[in-house]
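Visitor: One structure follows; several queries about it will come next.
Read-outs: derived from the displayed coordinates by stated rules, not from any lab. This structure is a prediction, so every number in the text was calculated from the model and none was measured. Backbone-built Cβ (ideal geometry, glycine too); neighbour counts: all protein chains shown.
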Amino acid sequence: MSSVHAATTVAVWAAAWQAGCAPDDVLAAIDGAGHRAGVRAAGPEVAESTGLPGPGSPGAGSAALLPLLRDPAVTLLLPTAGDLRGLPVRGSIVVPALDAGAVVSLPSAGLALIPQDGFWRVYPCTGSHPAMGLREARTLLDQAVAAATATLVQLDVARESPAVHDRIRGLMLAEAVDFPPGTPRAASELLATVISLEAVLIAAGHHETGAVNSHQLAVVDDALRPLTMAVREGRRAAVAATVHAFTGTGVRTGF
C-alpha cells in the first residue's frame, strides 16, 4: 500500500472520528493502511507543542494521532514537482512531502502528517489548498480520459495482455480504501474510479503499452499527463466531499 493510500485513509477516518466514530474503528483503519512504526514530531518545536516524541525518540503509538485528527478542516494534499499548492514555499515539510507524494493537512492546528519510513511524522504547515467539488472533478476526469483514449487509439498503442490486466487488478486491490460507514456514495464511487485509473497509469508508466519507439513513448506520456493531474484532483475531491459530509466543513461537494 502506498503513502497516498495511507494519507487518504487517515483523512477520511479523521472526519469520521469527529462525527462520533468509535476510536477503535478509526485506529484499526489507520493501522490497516500501514505505517505502524509510530508517530513522531519532525522537529523539537512540533514536539513541544504537541507532546509527541521528537526525532531520535521511540515513536508514540497510533493513538497519539487521535487528538490531532480533531481538525475539522482536514485536507488531503498530493504534492508533486511543480505543484506544491497547500505547502509553505519554504519549510522543512517540502522535501519529505514530495518524497511521500501525500500529506494530511491539519490547517486549524498549523500541522500536517506525512507517512514516512513507516512512521507518521508531524510537521508545521500553515498552507491550504481547497479541493474541487465532486461534479467538477468528475467532469475533468471524464474529459481527460476521453482525450487520452483518443490519442492512444490514434497511435494504435493501446494494448491489453493477461500480465498487464493482472498487474492492474493487483494494484487496484492493494490501493482500495476502507471508507467509514456513512461516506457519500458519490465520493466512494469517484475514488474507486480514480484508483482504477491510477493503476492503468502506473502500468503505462512502466511502458506496458504498444508504443515501440521514442516518439510514440513521448506522445503517450504527453497524452497521459492531463489524466494524471485529473486523477489527483479526483482523489482530493472525493476526500473533501467525505470530510464535508462528516464535519459539515470544507468546500462545495457538488453532488
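Visitor: I need D71, D222 ordered by Cβ neighbour count within 10 Å, fewest first.
Guide: Ascending Cβ contact count within 10 Å gives the list D222, D71.
Visitor: With everything on Cα atoms, drop me the angle between helix 162-175 and the longest principal axis of the chain, reported from 0 to 90° to the nearest 10.
Guide: Between the helix axis and the principal axis of the chain, the angle is about 20 degrees.
Visitor: Could you line up V89, V39, V103 from fewest to most neighbouring Cβ atoms inside 10 Å? Before the final figure, lay out the partial values.
Guide: Working: V89 7, V39 21, V103 28.
Neighbour counts put them in this order, fewest first: V89, V39, V103.
Visitor: Now for a different question. Quick one: Kirkwood hydrodynamic radius for the chain, alpha-carbon pairs, angstrom, one decimal? Could you put the intermediate results ahead of the total?
Guide: On the way: mean 1/r = 0.0531 Å⁻¹.
By the Kirkwood definition, the hydrodynamic radius is 18.8 Å.
Visitor: Under a point spin-label approximation (7 Å from Cα along Cα-to-Cβ), what is the R225-E136 distance to one decimal in nm?
Guide: 2.3 nm
Visitor: By how many degrees, 0 to 90 and rounded to 10, does the Cα axis of helix 3-18 deviate from the longest principal axis of the chain?
Guide: Once rounded, the angle reads 50 degrees.
Visitor: Given 0.36 nm per residue, what is the gain on full extension from A218 to V94 after removing their alpha carbon distance, in nm?
Guide: Working: separation 124, 0.36 × 124 = 44.64 nm, distance 2.88 nm.
Answer, rounded to one decimal: 41.8 nm.
Visitor: Follow-up. Given the Cα-Cα distance of A73 and D178 and 0.36 nm per residue of separation, how much length would full extension add, in nm?
Guide: Values: separation 105, 0.36 × 105 = 37.80 nm, distance 2.07 nm.
Value of the extension gain: 35.7 nm.
Visitor: Calculated from DSSP H runs of 4 or more alone, at -39500 (n - 2.57) each and per residue, what is the 222 nm mean residue ellipticity of the chain, nearest 500?
Guide: On the way: 8 runs with 131 residues, N = 255.
Per the formula, -17000 deg cm²/dmol.
Visitor: State the Cα centre-to-centre distance between region 24-40 and region 76-101 in whole Å.
Guide: About 23 Å separates the Cα centre of region 24-40 from the one of region 76-101.
Visitor: Could you estimate the translational diffusion coefficient of region 1-86 from the Stokes-Einstein equation, with Rh from the Kirkwood formula over C-alpha pairs, at 20 °C and 1.002 mPa s, in whole µm²/s? Walk me through the numbers on the way to the answer.
Guide: Details: Rh = 13.9 Å.
The Stokes-Einstein estimate is 154 µm²/s.
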